[in-house]
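Novice: The structure follows.
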Amino acid sequence: MTQASLQGVPTDWKTVLGGELAKVWDTTTTTMYAIVDAEGSNAKNVGILEGIVKTNAVAGVEDPTVFFVVVRDGVLCGECKRLHMLEDGVTPRVWKLSEVGHGYHKKGEQFPKVGGLHPHCRCVLSTLLPGYGFNEGGFVTYSTRATPSLRRSEPQRPTALAKSTQARSSPCAVCTNPPSLNP
Ligand SMILES: [Zn+2]
Ligand SMILES: [Zn+2]
């Protein structure tokens, strides 16, 4: 304060209090944003969870197989990578819904949480119905040979069906070799 008045900075109560309040407001806004964001993710995934439970119940599955869809970009954190992807960095890691916890996650915990792993977590809960697995690109694909218990440790090898799906989704011949405009 003395330093401030020596430097000619206003030290009247309005200016000082105003400055302090601005700091408090800034911290509060940041904290509130993190809380609202975390609660938003939680609400979103809890809503999805309800759908997952119902869909699996119709398919006769009591404990659904679930996984989290991550955003594969440069800011995806190590914790989301560790709990939501296999070591290949491509195949989603699957869990039994009964293993997925609720509430706030602590870094290093063994199991993921429905509501995300940290504030601003963008991972979205999804399910793998019986007969579905992942192809080598990490995409969900139908395969009658898929067994969720196997997929946990060893990523499923692409089946003929998965390959044919992949072939269909690859760019068509016309797009890759556009006809020349000047023959
Ligand atoms: Zn993360
Ligand atoms: Zn995440």
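What follows draws every value from the coordinates through simple rules; no lab data is involved. What you see is a predicted model; the values in this text were computed from it and never measured. Please note: Cβ atoms are built from the backbone with ideal geometry, for glycine as well, and neighbour counts cover all protein chains shown.
Novice: Is there a quick way to get the dipole size of the stretch 40-133? I mean about its Cα centre, with the Cβ of Lys and Arg at +1 and of Asp and Glu at -1; what is the value in debye to the nearest 20?
Specialist: Details: 11 positive and 9 negative charges, 52 e Å.
Charge dipole of the stretch 40-133: 260 debye, to the nearest 20.
Novice: By its C-alpha gyration tensor, with a ≥ b ≥ c as the square roots of the eigenvalues, how is the stretch 9-130 shaped: rounded for a/c under 1.5, else prolate for a/b larger than b/c, else oblate?
Specialist: On the way: a/c = 3.85, a/b = 2.43, b/c = 1.59.
It is prolate, given that a/c is not under 1.5 and a/b is the larger ratio.
Novice: I've got another one for you. Please find the FRET efficiency linking Leu21 to Lys106, where r is the Cβ-Cβ separation and R0 is fixed at 25 Å, and quote it to the nearest 0.05.
Specialist: Efficiency at R0 = 25 Å is approximately 0.15.
Novice: Another question about this same structure. Hey, can you grab everything whose amide H is under 5 Å from the amide H of Gly115? Only 5+ residues off in sequence or another chain; H modelled, so Pro and N-termini drop out.
Specialist: Gly103
Novice: A further question on this structure: Note down the relative contact order for the stretch 9-130 as a percent, whole number, built from C-alpha pairs under 8 angstrom at least six residues apart.
Specialist: 32
Novice: Also, I was wondering about something else. Can you list residues from other chains, or at least 5 along the same chain, whose modelled amide H is less than 5 Å from the amide H of Arg93?
Specialist: Here Phe68, Met85, Leu86 satisfy the definition.
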